[in-house]
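To keep things clear, I will list the structure first and then write my remarks on it.
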Amino acid sequence: MLVALRAALAGVALTMVLVACSVLPSPLRTPQPEPAPVARTEVAPPPAAPSRAAPTTAAAAPARSGARAPDGPLPTVRVAPYVDLTTPPLPDLGAIADASGQRDVVLAFVLAGSSCAPTWGGTTPIDDPAVRRTVTALKARGGTPTVSSGGAVGTYLETRCPDARSLADAYGQALDAVGTDHLDVDVETDTGRAVSVARIGDALALLQRERGTKVTLTVQVQDASTGMTTTARELVRAVSDRGVAARVNLMVMNFPASGSWSGAMLGAAAASTRTLEAMWPGTDPADVAARVGVTLMLGRNDTDATTTLADAQAVVAGARRAGYGFVGAWSLLRDNGGCAGTTDEQDDCSGVDQDRWAFTRALQRFG
């Protein structure tokens, strides 16, 4: 019986061992490694359809074909009315800057004296001490003077100087006299003057290459639909062909017009800008517009037109919308209501009822 009991217990133990072995992993079995995960190739999503919204990164604009406006130094001033230095008394530019807030001005006009020698108005020496003092006072207030050669009356350097070298030297003397690198060449041929646009172009090329002079060409307009006169176009073309970078300042004054006078002035500027775009098809239109300036004649013009303060404000707003680079006026010393109602243009007053410096402050909103 004891033998039988021992045999039974041995059977039970064996059964328990077999059960345990079926549950627990065998220490003699080498574990199989887990299968490595299958690598997935990431597939980029297809590009999104082009959106009409502005792209997050700017794409390079395609190059424009055709002639380009010349590269080079350009004028930096954005608002500068003319100041007449040739009609007595000589203005105190420092005091005027303090009163009006206008520090950048165009000094008018350099004309030929004896032979090709530059003078103020044909009579005052170009290095006149009184002129130097008043310009120095302006510069002490942070102003930038631009020397203007030409104008509506008098003998032009551009006709008296016999060649490009002598004309460039005359321009240089005038610039050195007041210590500036801004030159305005104001060519007005409606009084019968004949100028050599080739000589002017060659002289300006010398000046810009040798001195880095910043050049403005101030030119006439024919009417609101035509824009620049024939001589103006020829001058701009001649200067451009010689590689001279220049601002083109449009005298939007003294031309026949009907309807809104401010509309006519802006129309003449727009027509002129289209001419420049056609002249420089390889230059972006916005860059062409930035080289354009408009200069109006405040108050009573030499013709029947009268530029009111509202007209001036409209021209300034239109110039800003068009992306032009400059606005100016003839002239700073006329910006007062001292002769309201006059039927003739006066040198020292606008001819309209206005507050002093009202036009200048309208122009200053452009800057």
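The values are calculated or read from the model by the stated rules, or taken from the named source; none is laboratory data. The structure presented is a predicted model; accordingly, all values stated were derived computationally and were not measured. Cβ placement follows ideal geometry from the backbone for every residue including glycine, while neighbour counts extend to all protein chains displayed. Please note that ligands, DNA and RNA were not included when accessible areas were found on the heavy atoms of the full protein model with its side chains. Shrake-Rupley method; radii C 1.70, N 1.55, O 1.52, S 1.80 Å.
Side notes on the structure shown:
- Separation of the Ala99 and Arg209 label points, Cα + 7 Å toward Cβ, nm: 4.6 nm
- For Leu85, distant residues with modelled amide H under 5 Å away: Ala108, Phe109
- Near the amide H of Glu188, within less than 5 Å, lie the amide hydrogens of Gly151, all on another chain or at least 5 residues away, with H placed in the peptide plane.
- Surface exposure of segment 105-163, expressed per residue as accessible area with a 1.4 Å probe, stands at 38 Å².
- Of the peptides 100-110, 208-218, the ranking by mean beta-carbon count within 10 Å, highest at the top, reads 100-110, 208-218.
- 3J(HN,Hα) from dihedral phi, segment 228-236, Karplus parametrisation 6.51/-1.76/1.60, rounded to Hz, x for glycine, proline: 4, 5, 4, 4, 4, 4, 4, 5, 4
- Average accessible surface area per residue within segment 192-312, 1.4 Å rolling probe, Å²: 35 Å²
- 3J(HN,Hα) along segment 89-105: x, 5, x, 8, 5, x, 5, 5, 4, 5, 6, 9, x, 9, 10, 9, 9 Hz, from the Karplus curve 6.51 cos²θ - 1.76 cosθ + 1.60 with θ = phi - 60°, whole Hz, x for Gly and Pro.
- Area accessible to solvent at Asp344, 1.4 Å probe radius, in Å²: 90 Å²
- Applying the Karplus relation 6.51 cos²θ - 1.76 cosθ + 1.60 with θ = phi - 60° to segment 76-85 yields 3J(HN,Hα) values of 9, 6, 10, 9, 7, x, 6, 10, 7, 8 Hz, where x marks Gly and Pro.
- Exposure ranking of Glu158, Glu277, Glu234 by accessible area [1.4 Å probe, largest first]: Glu234, Glu277, Glu158
- For Asn254, the residues whose amide H sits under 5 Å from its own are Asp302, Thr303, ignoring neighbours fewer than 5 places away on the same chain, with H placed 1.01 Å from N.
- Residue list for segment 142-156, given a label point 7 angstrom along the Cα-to-Cβ vector of Asp92 and an amide N cut-off under 18 Å: 142-143
- Segment 274-353 - percent of accessible surface contributed by carbon and sulfur, probe 1.4 Å: 47 percent
- Averaged over residues, the count of other Cβ atoms within 10 Å places the peptides 279-287, 169-177 in the sequence 169-177, 279-287, highest first.
- Normalised contact order of segment 74-138, rounded percent, pairs of Cα under 8 Å and 6 or more residues apart: 34 percent
- FRET efficiency, 1/(1 + (r/R0)^6) with R0 22 Å, evaluated for Asp355 and Asp302 via beta carbons: 0.40
- Asp128/Ala63 FRET efficiency (R0 35 Å; Cβ-Cβ; nearest 0.05): 0.10
- Alpha-carbon centroid distance for the pair segment 197-225 / segment 96-155, whole angstrom: 18 Å
- Relative contact order (%) - segment 226-367, alpha-carbon pairs under 8 angstrom, separation at least six: 22 percent
- Heavy atoms of Phe255: accessible area, 1.4 Å probe, square angstrom to 10: 10 Å²
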